[in-house]
Amino acid sequence: MNTDVTHDPALTSWVESANAADTDFPIQNLPYGRFRRKASGEGWRIGVAIGDEVLDLKRVHDDIPWSDALQALLRPLADGDLNAFMEQPSSQRRALRQMLSQALRSDSPLQEVLSPCLVAQSDIEMSVPCRIGDYTDFYTGIHHATAVGKLFRPDNPLLPNYKWVPIGYHGRASSIGVSGQQFRRPQGQTKAPDAEVPSFGPTRRLDYELELAMFVASPNKLGEPIGMAEAEEHVFGLGLFNDWSARDIQSWEYQPLGPFLSKNFASTVSPWIVTMEALEPFRSPFQRPEGDPQPLPYLDSATNREQGEIDVTLEVWLQTQAMRDAGTSPHRLSQSSFRDAYWTVAQLIAHHTVNGCNLQSGDLLGSGTLSGPAPEQAGSLLELTQGGKQAIALPNGEKRTFLEDGDTVILRGFCERKGARRIGFGECSGTVLKAG
Ligand code: CA
(Lines give C-alpha, C1' and ligand atoms only; values in the text may rest on other atoms or scores of the structure.)
Protein backbone atom coordinates (compact mmCIF):
# COMPACT_ATOMS: atom_id res chain seq x y z
CA MET A 1 0.00 0.00 0.00
CA ASN A 2 1.10 3.49 -0.80
CA THR A 3 0.31 5.03 2.58
CA ASP A 4 2.27 7.78 4.32
CA VAL A 5 2.06 10.09 7.31
CA THR A 6 -1.18 11.68 5.97
CA HIS A 7 -2.98 8.35 6.57
CA ASP A 8 -1.75 7.87 10.16
CA PRO A 9 -4.93 7.02 12.11
CA ALA A 10 -3.53 8.81 15.17
CA LEU A 11 -3.39 12.14 13.31
CA THR A 12 -5.80 14.77 14.68
CA SER A 13 -6.69 18.29 13.57
CA TRP A 14 -7.02 21.66 15.30
CA VAL A 15 -10.43 21.77 13.58
CA GLU A 16 -12.24 20.03 16.45
CA SER A 17 -15.18 18.66 14.43
CA ALA A 18 -12.69 16.72 12.25
CA ASN A 19 -11.80 14.59 15.29
CA ALA A 20 -15.33 13.29 15.90
CA ALA A 21 -15.40 9.50 15.51
CA ASP A 22 -18.32 9.59 13.06
CA THR A 23 -17.24 12.49 10.82
CA ASP A 24 -16.89 11.73 7.11
CA PHE A 25 -14.13 14.31 6.83
CA PRO A 26 -11.27 13.67 9.28
CA ILE A 27 -7.82 15.02 8.44
CA GLN A 28 -7.00 11.69 6.70
CA ASN A 29 -9.65 12.39 4.01
CA LEU A 30 -9.33 15.97 2.61
CA PRO A 31 -11.78 15.74 -0.36
CA TYR A 32 -12.18 18.55 -2.90
CA GLY A 33 -15.40 20.36 -3.81
CA ARG A 34 -16.61 23.57 -5.46
CA PHE A 35 -18.56 26.00 -3.26
CA ARG A 36 -19.57 29.56 -2.53
CA ARG A 37 -20.90 31.26 0.54
CA LYS A 38 -24.71 31.35 0.49
CA ALA A 39 -26.20 34.60 -0.80
CA SER A 40 -22.72 36.13 -1.13
CA GLY A 41 -22.64 36.70 -4.89
CA GLU A 42 -19.05 35.42 -4.92
CA GLY A 43 -17.79 33.13 -7.68
CA TRP A 44 -17.41 29.39 -7.27
CA ARG A 45 -14.22 28.47 -5.49
CA ILE A 46 -12.53 25.23 -4.51
CA GLY A 47 -12.43 24.01 -0.94
CA VAL A 48 -11.36 21.01 1.07
CA ALA A 49 -13.77 19.49 3.58
CA ILE A 50 -12.44 19.18 7.14
CA GLY A 51 -14.93 18.11 9.82
CA ASP A 52 -17.98 20.38 9.59
CA GLU A 53 -15.96 23.11 7.85
CA VAL A 54 -14.48 23.86 4.45
CA LEU A 55 -11.00 25.24 3.96
CA ASP A 56 -11.39 28.00 1.35
CA LEU A 57 -8.40 27.50 -0.97
CA LYS A 58 -8.79 30.93 -2.55
CA ARG A 59 -8.16 32.54 0.81
CA VAL A 60 -5.41 30.04 1.57
CA HIS A 61 -3.73 31.06 -1.70
CA ASP A 62 -4.35 34.81 -1.36
CA ASP A 63 -3.63 35.33 2.34
CA ILE A 64 -0.58 33.20 3.08
CA PRO A 65 2.96 33.47 1.62
CA TRP A 66 3.59 29.87 0.53
CA SER A 67 6.64 28.73 -1.42
CA ASP A 68 6.51 29.38 -5.18
CA ALA A 69 5.85 25.69 -5.83
CA LEU A 70 2.85 25.56 -3.49
CA GLN A 71 1.53 28.90 -4.79
CA ALA A 72 1.62 27.45 -8.30
CA LEU A 73 -0.29 24.37 -7.16
CA LEU A 74 -2.91 26.47 -5.38
CA ARG A 75 -3.45 28.97 -8.21
CA PRO A 76 -5.97 27.03 -10.32
CA LEU A 77 -7.81 26.10 -7.15
CA ALA A 78 -7.94 29.74 -6.10
CA ASP A 79 -9.44 30.46 -9.52
CA GLY A 80 -12.18 27.87 -8.91
CA ASP A 81 -10.84 25.58 -11.64
CA LEU A 82 -10.58 22.07 -10.21
CA ASN A 83 -9.99 20.59 -13.69
CA ALA A 84 -6.67 22.44 -14.04
CA PHE A 85 -5.53 20.93 -10.74
CA MET A 86 -6.83 17.46 -11.66
CA GLU A 87 -4.56 17.51 -14.74
CA GLN A 88 -1.44 17.72 -12.56
CA PRO A 89 0.69 14.61 -12.07
CA SER A 90 -0.18 12.59 -8.97
CA SER A 91 3.14 13.65 -7.42
CA GLN A 92 1.81 17.25 -7.41
CA ARG A 93 -1.55 16.18 -6.01
CA ARG A 94 0.30 14.29 -3.28
CA ALA A 95 2.43 17.36 -2.51
CA LEU A 96 -0.66 19.46 -1.88
CA ARG A 97 -2.19 16.72 0.27
CA GLN A 98 0.99 16.71 2.38
CA MET A 99 0.86 20.47 2.75
CA LEU A 100 -2.83 20.51 3.73
CA SER A 101 -2.34 17.65 6.17
CA GLN A 102 0.56 19.43 7.87
CA ALA A 103 -1.29 22.74 7.95
CA LEU A 104 -4.43 21.25 9.52
CA ARG A 105 -2.86 18.89 12.08
CA SER A 106 -3.21 19.60 15.77
CA ASP A 107 0.30 20.90 16.32
CA SER A 108 0.41 23.10 13.20
CA PRO A 109 1.86 26.57 13.69
CA LEU A 110 -0.47 27.72 10.88
CA GLN A 111 -3.66 27.43 12.93
CA GLU A 112 -3.87 31.16 13.57
CA VAL A 113 -3.45 32.24 9.94
CA LEU A 114 -5.63 29.44 8.55
CA SER A 115 -8.58 29.80 10.94
CA PRO A 116 -10.04 32.76 8.98
CA CYS A 117 -9.93 30.58 5.81
CA LEU A 118 -12.54 28.19 7.25
CA VAL A 119 -16.23 28.45 6.48
CA ALA A 120 -18.96 26.29 8.03
CA GLN A 121 -20.46 23.75 5.60
CA SER A 122 -23.88 24.93 6.79
CA ASP A 123 -23.08 28.39 5.35
CA ILE A 124 -22.21 27.30 1.80
CA GLU A 125 -23.85 25.99 -1.35
CA MET A 126 -22.08 23.60 -3.68
CA SER A 127 -21.98 22.85 -7.40
CA VAL A 128 -20.82 19.82 -9.34
CA PRO A 129 -17.17 19.60 -8.29
CA CYS A 130 -15.61 20.09 -11.73
CA ARG A 131 -16.40 20.62 -15.39
CA ILE A 132 -17.66 17.23 -16.60
CA GLY A 133 -17.05 17.10 -20.34
CA ASP A 134 -18.07 13.52 -20.97
CA TYR A 135 -19.84 10.84 -19.00
CA THR A 136 -19.59 7.07 -19.51
CA ASP A 137 -21.61 4.59 -17.52
CA PHE A 138 -20.27 1.08 -16.98
CA TYR A 139 -22.05 -2.05 -15.76
CA THR A 140 -19.52 -3.52 -13.29
CA GLY A 141 -22.02 -4.72 -10.69
CA ILE A 142 -22.19 -8.41 -11.56
CA HIS A 143 -24.85 -9.08 -8.92
CA HIS A 144 -26.98 -6.30 -10.44
CA ALA A 145 -26.39 -7.60 -13.96
CA THR A 146 -27.31 -11.13 -12.84
CA ALA A 147 -30.42 -10.08 -10.89
CA VAL A 148 -31.70 -7.87 -13.73
CA GLY A 149 -30.82 -10.51 -16.32
CA LYS A 150 -32.82 -13.08 -14.33
CA LEU A 151 -35.95 -10.95 -14.63
CA PHE A 152 -35.74 -11.34 -18.41
CA ARG A 153 -33.79 -14.58 -18.89
CA PRO A 154 -34.21 -16.80 -15.81
CA ASP A 155 -32.02 -19.60 -17.21
CA ASN A 156 -29.27 -17.49 -18.70
CA PRO A 157 -29.07 -14.18 -16.81
CA LEU A 158 -25.55 -13.07 -17.82
CA LEU A 159 -24.84 -12.50 -21.50
CA PRO A 160 -21.71 -14.30 -22.78
CA ASN A 161 -19.61 -11.12 -23.07
CA TYR A 162 -20.07 -10.02 -19.44
CA LYS A 163 -17.05 -11.77 -17.90
CA TRP A 164 -14.72 -10.78 -20.73
CA VAL A 165 -15.40 -7.18 -21.64
CA PRO A 166 -16.33 -4.28 -19.32
CA ILE A 167 -19.79 -3.29 -20.57
CA GLY A 168 -20.57 0.42 -20.85
CA TYR A 169 -22.31 3.12 -22.85
CA HIS A 170 -21.83 6.83 -23.41
CA GLY A 171 -24.18 8.89 -21.26
CA ARG A 172 -24.96 12.57 -21.21
CA ALA A 173 -23.02 15.02 -19.02
CA SER A 174 -25.34 18.04 -19.38
CA SER A 175 -28.01 16.67 -17.03
CA ILE A 176 -25.64 15.73 -14.20
CA GLY A 177 -26.46 17.80 -11.12
CA VAL A 178 -25.06 18.02 -7.61
CA SER A 179 -26.54 16.55 -4.43
CA GLY A 180 -29.75 18.38 -3.56
CA GLN A 181 -30.88 18.15 -7.17
CA GLN A 182 -34.64 18.16 -7.77
CA PHE A 183 -36.10 17.10 -11.07
CA ARG A 184 -39.50 16.54 -12.58
CA ARG A 185 -40.65 13.00 -13.21
CA PRO A 186 -39.78 12.50 -16.87
CA GLN A 187 -42.36 11.84 -19.55
CA GLY A 188 -41.82 9.43 -22.36
CA GLN A 189 -42.95 6.64 -24.55
CA THR A 190 -43.69 3.29 -22.94
CA LYS A 191 -45.36 0.09 -23.99
CA ALA A 192 -46.87 -2.43 -21.60
CA PRO A 193 -46.16 -6.04 -22.66
CA ASP A 194 -49.87 -6.65 -23.31
CA ALA A 195 -50.52 -3.35 -25.09
CA GLU A 196 -50.70 -3.24 -28.87
CA VAL A 197 -49.19 0.21 -29.26
CA PRO A 198 -47.08 2.44 -27.03
CA SER A 199 -48.51 5.26 -24.95
CA PHE A 200 -47.07 8.59 -23.83
CA GLY A 201 -46.98 10.00 -20.30
CA PRO A 202 -45.01 10.32 -17.06
CA THR A 203 -42.87 7.30 -16.22
CA ARG A 204 -44.52 4.94 -13.74
CA ARG A 205 -41.37 2.97 -12.99
CA LEU A 206 -38.90 5.59 -11.81
CA ASP A 207 -35.86 4.10 -10.10
CA TYR A 208 -32.49 5.06 -8.62
CA GLU A 209 -29.14 3.36 -9.23
CA LEU A 210 -26.48 3.21 -6.52
CA GLU A 211 -23.17 3.91 -8.24
CA LEU A 212 -19.72 5.36 -7.71
CA ALA A 213 -18.36 8.14 -9.92
CA MET A 214 -14.73 8.02 -11.02
CA PHE A 215 -13.25 11.36 -12.08
CA VAL A 216 -10.54 11.43 -14.71
CA ALA A 217 -7.32 13.26 -13.73
CA SER A 218 -4.78 13.82 -16.52
CA PRO A 219 -5.98 13.28 -20.10
CA ASN A 220 -4.55 10.95 -22.74
CA LYS A 221 -4.01 11.93 -26.35
CA LEU A 222 -6.37 10.63 -29.01
CA GLY A 223 -4.90 7.40 -30.36
CA GLU A 224 -2.75 6.73 -27.28
CA PRO A 225 -4.24 4.05 -24.99
CA ILE A 226 -3.57 4.09 -21.26
CA GLY A 227 -2.06 0.80 -20.10
CA MET A 228 -2.86 -0.88 -16.80
CA ALA A 229 0.44 0.31 -15.27
CA GLU A 230 -0.47 3.99 -15.73
CA ALA A 231 -4.24 3.71 -15.42
CA GLU A 232 -4.69 4.99 -11.87
CA GLU A 233 -2.37 7.91 -12.51
CA HIS A 234 -5.25 9.14 -14.71
CA VAL A 235 -7.87 8.95 -11.93
CA PHE A 236 -8.37 11.85 -9.53
CA GLY A 237 -10.84 10.32 -7.11
CA LEU A 238 -14.29 8.93 -6.42
CA GLY A 239 -17.71 10.33 -5.58
CA LEU A 240 -21.22 8.95 -5.10
CA PHE A 241 -23.47 8.80 -8.14
CA ASN A 242 -27.20 8.19 -8.63
CA ASP A 243 -28.05 7.24 -12.21
CA TRP A 244 -31.83 7.81 -12.06
CA SER A 245 -33.61 5.48 -14.48
CA ALA A 246 -37.12 5.26 -15.94
CA ARG A 247 -37.54 1.50 -16.27
CA ASP A 248 -40.66 1.53 -18.44
CA ILE A 249 -39.11 3.97 -20.92
CA GLN A 250 -35.89 1.94 -20.80
CA SER A 251 -37.48 -1.42 -21.58
CA TRP A 252 -39.26 -0.03 -24.66
CA GLU A 253 -36.35 1.99 -26.10
CA TYR A 254 -33.14 0.14 -25.21
CA GLN A 255 -32.94 -2.36 -28.05
CA PRO A 256 -30.90 -2.40 -30.20
CA LEU A 257 -28.68 0.57 -29.24
CA GLY A 258 -28.95 0.79 -25.43
CA PRO A 259 -30.34 3.32 -22.93
CA PHE A 260 -31.25 6.79 -24.17
CA LEU A 261 -34.05 8.98 -22.73
CA SER A 262 -34.61 6.58 -19.82
CA LYS A 263 -31.30 7.70 -18.32
CA ASN A 264 -30.42 11.21 -19.47
CA PHE A 265 -33.09 13.33 -17.72
CA ALA A 266 -31.08 13.60 -14.47
CA SER A 267 -28.07 12.06 -12.74
CA THR A 268 -26.88 13.22 -9.34
CA VAL A 269 -23.31 13.34 -8.06
CA SER A 270 -22.03 14.03 -4.53
CA PRO A 271 -20.27 17.39 -4.08
CA TRP A 272 -17.00 16.03 -2.64
CA ILE A 273 -14.39 14.06 -4.59
CA VAL A 274 -12.50 11.69 -2.29
CA THR A 275 -9.03 11.46 -3.82
CA MET A 276 -7.31 8.23 -4.81
CA GLU A 277 -4.60 9.16 -2.29
CA ALA A 278 -7.14 9.21 0.56
CA LEU A 279 -8.41 5.76 -0.50
CA GLU A 280 -4.98 4.06 -0.28
CA PRO A 281 -5.56 2.33 3.09
CA PHE A 282 -8.70 0.64 1.76
CA ARG A 283 -7.25 -1.32 -1.15
CA SER A 284 -7.85 -5.07 -1.55
CA PRO A 285 -6.66 -7.75 -3.96
CA PHE A 286 -8.60 -8.21 -7.20
CA GLN A 287 -9.78 -11.80 -7.44
CA ARG A 288 -11.93 -13.67 -9.89
CA PRO A 289 -14.28 -16.30 -8.49
CA GLU A 290 -13.24 -19.91 -9.11
CA GLY A 291 -14.08 -20.99 -12.66
CA ASP A 292 -14.39 -17.46 -14.08
CA PRO A 293 -12.09 -16.42 -16.95
CA GLN A 294 -9.02 -14.39 -16.07
CA PRO A 295 -8.88 -10.91 -17.64
CA LEU A 296 -7.18 -10.60 -21.04
CA PRO A 297 -3.58 -9.34 -20.73
CA TYR A 298 -4.48 -5.70 -21.50
CA LEU A 299 -6.79 -5.76 -18.44
CA ASP A 300 -4.31 -7.46 -16.14
CA SER A 301 -1.35 -6.34 -14.03
CA ALA A 302 0.42 -7.52 -10.90
CA THR A 303 -0.53 -4.33 -9.07
CA ASN A 304 -4.16 -4.78 -10.02
CA ARG A 305 -4.12 -8.35 -8.73
CA GLU A 306 -2.48 -7.27 -5.47
CA GLN A 307 -4.56 -4.17 -4.70
CA GLY A 308 -6.89 -3.32 -7.58
CA GLU A 309 -10.09 -3.20 -5.54
CA ILE A 310 -11.23 -0.46 -3.20
CA ASP A 311 -13.45 -1.29 -0.25
CA VAL A 312 -16.14 1.40 -0.16
CA THR A 313 -19.32 0.58 1.76
CA LEU A 314 -22.35 2.07 0.01
CA GLU A 315 -25.87 2.73 1.26
CA VAL A 316 -29.21 3.86 -0.12
CA TRP A 317 -31.64 5.76 2.12
CA LEU A 318 -35.19 6.87 1.31
CA GLN A 319 -37.23 9.70 2.79
CA THR A 320 -40.76 9.99 1.43
CA GLN A 321 -42.86 13.15 1.49
CA ALA A 322 -44.97 11.63 4.31
CA MET A 323 -41.82 10.87 6.33
CA ARG A 324 -40.60 14.42 5.81
CA ASP A 325 -43.98 15.85 6.86
CA ALA A 326 -43.92 13.71 10.02
CA GLY A 327 -40.31 14.66 10.78
CA THR A 328 -39.15 11.06 10.36
CA SER A 329 -35.52 10.34 9.47
CA PRO A 330 -34.66 8.61 6.19
CA HIS A 331 -34.91 4.82 6.11
CA ARG A 332 -32.03 2.67 4.87
CA LEU A 333 -33.04 0.48 1.92
CA SER A 334 -29.78 -1.37 1.29
CA GLN A 335 -26.04 -1.63 1.83
CA SER A 336 -23.36 -2.99 -0.52
CA SER A 337 -19.67 -2.58 -1.36
CA PHE A 338 -17.60 -1.43 -4.31
CA ARG A 339 -15.45 -4.54 -3.63
CA ASP A 340 -18.15 -6.64 -5.29
CA ALA A 341 -17.69 -4.88 -8.64
CA TYR A 342 -16.49 -7.21 -11.39
CA TRP A 343 -13.92 -4.79 -12.82
CA THR A 344 -11.52 -2.40 -11.10
CA VAL A 345 -10.97 1.33 -11.66
CA ALA A 346 -7.70 0.61 -13.51
CA GLN A 347 -9.39 -1.92 -15.80
CA LEU A 348 -12.13 0.54 -16.74
CA ILE A 349 -9.57 3.21 -17.70
CA ALA A 350 -7.47 0.72 -19.67
CA HIS A 351 -10.52 -0.66 -21.45
CA HIS A 352 -12.06 2.75 -22.22
CA THR A 353 -8.87 3.92 -23.94
CA VAL A 354 -7.64 0.67 -25.52
CA ASN A 355 -9.04 1.71 -28.91
CA GLY A 356 -7.34 5.12 -28.64
CA CYS A 357 -10.34 6.97 -27.20
CA ASN A 358 -9.17 10.10 -25.38
CA LEU A 359 -10.32 10.89 -21.85
CA GLN A 360 -10.26 14.44 -20.54
CA SER A 361 -9.74 15.70 -17.03
CA GLY A 362 -13.08 15.94 -15.25
CA ASP A 363 -14.72 13.19 -17.30
CA LEU A 364 -17.00 11.05 -15.17
CA LEU A 365 -17.08 7.25 -15.37
CA GLY A 366 -19.99 5.64 -13.55
CA SER A 367 -19.40 2.20 -12.02
CA GLY A 368 -22.84 0.84 -12.83
CA THR A 369 -25.29 -0.22 -10.16
CA LEU A 370 -23.41 -1.73 -7.24
CA SER A 371 -25.49 -4.49 -5.70
CA GLY A 372 -24.14 -7.05 -3.25
CA PRO A 373 -24.57 -10.82 -3.55
CA ALA A 374 -27.63 -11.00 -1.23
CA PRO A 375 -31.06 -9.88 -2.50
CA GLU A 376 -31.35 -7.25 0.26
CA GLN A 377 -28.06 -5.70 -0.93
CA ALA A 378 -29.60 -4.59 -4.23
CA GLY A 379 -28.69 -1.12 -5.47
CA SER A 380 -31.97 -0.40 -7.29
CA LEU A 381 -35.71 -0.80 -6.71
CA LEU A 382 -35.95 -2.90 -9.88
CA GLU A 383 -34.06 -5.61 -7.99
CA LEU A 384 -35.44 -4.98 -4.47
CA THR A 385 -39.03 -5.33 -5.74
CA GLN A 386 -38.43 -8.11 -8.30
CA GLY A 387 -39.22 -5.88 -11.24
CA GLY A 388 -42.06 -4.13 -9.39
CA LYS A 389 -43.84 -7.38 -8.45
CA GLN A 390 -43.11 -7.30 -4.70
CA ALA A 391 -43.56 -3.96 -2.95
CA ILE A 392 -41.20 -3.16 -0.10
CA ALA A 393 -42.75 -1.93 3.17
CA LEU A 394 -41.41 1.19 4.87
CA PRO A 395 -41.46 1.61 8.69
CA ASN A 396 -44.35 4.13 8.52
CA GLY A 397 -46.59 1.67 6.66
CA GLU A 398 -46.01 3.13 3.18
CA LYS A 399 -45.12 0.78 0.36
CA ARG A 400 -42.95 1.23 -2.70
CA THR A 401 -42.41 -0.63 -5.92
CA PHE A 402 -40.92 2.37 -7.72
CA LEU A 403 -40.36 6.00 -6.65
CA GLU A 404 -43.27 8.35 -5.96
CA ASP A 405 -43.37 12.13 -6.28
CA GLY A 406 -41.76 13.78 -3.25
CA ASP A 407 -39.40 10.86 -2.58
CA THR A 408 -35.84 11.82 -1.67
CA VAL A 409 -33.14 9.21 -2.30
CA ILE A 410 -29.90 9.64 -0.38
CA LEU A 411 -26.70 7.72 -1.18
CA ARG A 412 -23.97 7.46 1.43
CA GLY A 413 -20.52 5.88 1.32
CA PHE A 414 -17.64 5.30 3.66
CA CYS A 415 -14.42 3.30 4.08
CA GLU A 416 -13.63 1.49 7.28
CA ARG A 417 -10.75 -0.82 8.08
CA LYS A 418 -8.81 -1.92 11.14
CA GLY A 419 -5.70 0.20 11.51
CA ALA A 420 -7.07 3.06 9.41
CA ARG A 421 -9.15 6.14 10.17
CA ARG A 422 -12.71 5.87 8.84
CA ILE A 423 -13.37 8.30 5.97
CA GLY A 424 -16.68 9.10 4.26
CA PHE A 425 -18.08 10.54 1.06
CA GLY A 426 -20.80 12.78 2.52
CA GLU A 427 -24.20 12.51 0.86
CA CYS A 428 -25.67 12.38 -2.62
CA SER A 429 -29.37 13.24 -2.40
CA GLY A 430 -32.00 13.95 -5.01
CA THR A 431 -35.76 14.51 -4.97
CA VAL A 432 -38.46 13.54 -7.46
CA LEU A 433 -40.98 16.27 -8.32
CA LYS A 434 -44.36 15.87 -9.96
CA ALA A 435 -44.28 15.57 -13.77
CA GLY A 436 -44.57 19.00 -15.39
CA1 CA B 1 -26.37 2.98 -14.53
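Using a simple spin-label model with pseudo-atoms 7 Å out from Cα toward Cβ, residue 290 and residue 4 lie 4.2 nm apart. For the range 135-433, the square roots of the Cα gyration tensor eigenvalues, ordered a ≥ b ≥ c, give a/c of at least 1.5 with a/b greater than b/c, which places it in the prolate category. Using a probe radius of 1.4 angstrom, the carbon and sulfur fraction of the accessible surface of the chain is 50%.
Relative to one another, the C-alpha centroids of the range 164-225 and the range 1-29 are positioned 35 Å apart. Please give the net charge around residue 249, taking every other residue with its beta carbon less than 13 angstrom from that of residue 249, where Lys and Arg add +1 and Asp and Glu add -1. Taking every Cβ under 13 Å from that of residue 249, the sum is +3. Extension gain, residue 40 to residue 321, is 98.1 nm, computed as 0.36 nm per intervening residue step minus the present C-alpha separation.
Computed extension length for residue 164-residue 374: 73.3 nm, one decimal, from 0.36 nm per residue of separation with the Cα-Cα distance subtracted. Placing dummy labels 7 Å off each Cα toward the beta-carbon, the span from residue 98 to residue 125 is 3.9 nm.
Here's the list of lysines a cross-link from residue 389 could span, going by alpha-carbon distance under 26 Å and ignoring same-chain residues fewer than 8 apart: 150, 191, 263, 399, 434. Spacing of the modelled spin labels on residue 434 and residue 254, each 7 Å from Cα toward Cβ, amounts to 3.1 nm.
Hey, if you put +1 on the Cβ of every Lys and Arg and -1 on every Asp and Glu Cβ in the chain, which of 319, 76, 346 ends up farthest toward the positive end of that dipole? It is 319. The relative contact order of the chain, computed from alpha carbon pairs under 8 Å that lie at least 6 residues apart in sequence, is 21 percent. Averaged over residues, the count of other Cβ atoms within 10 Å places the peptides 190-201, 387-398, 340-351 in the sequence 340-351, 387-398, 190-201, highest first. This model, with +1 at the C-beta of Lys and Arg and -1 at the C-beta of Asp and Glu, gives the range 129-182 a dipole about its Cα centre of some 20 debye. Measuring nothing but how far apart in sequence close Cα pairs (under 8 Å, 6+ apart) lie, relative to its length, the range 39-147 scores a relative contact order of 28 percent.
Charge tally around residue 38: other residues with Cβ under 13 Å, Lys/Arg +1 each, Asp/Glu -1 each, net -1. The charge dipole of the range 256-345, taken about the Cα centre with unit charges on the Cβ atoms of Lys, Arg (+1) and Asp, Glu (-1), comes to about 340 debye, rounded to the nearest 20. With a cut-off of 9 Å between beta carbons, the residues surrounding residue 281 carry a summed charge of +2, where Lys and Arg count +1 and Asp and Glu -1.
When each of the peptides 302-314, 228-240 is scored by the mean number of other C-beta atoms lying within 10 Å of its residues, the order from highest to lowest reads 228-240, 302-314.
The values are calculated or read from the model by the stated rules, or taken from the named source; none is laboratory data. Given the structure is predicted, the values throughout are model-derived calculations rather than measurements. FYI the Cβ positions are ideal-geometry reconstructions off the backbone, even for glycines, and counts take in every protein chain you see. The accessibility values were calculated without ligands, DNA or RNA, using every heavy atom of the protein model including side chains. Shrake-Rupley method; radii C 1.70, N 1.55, O 1.52, S 1.80 Å.
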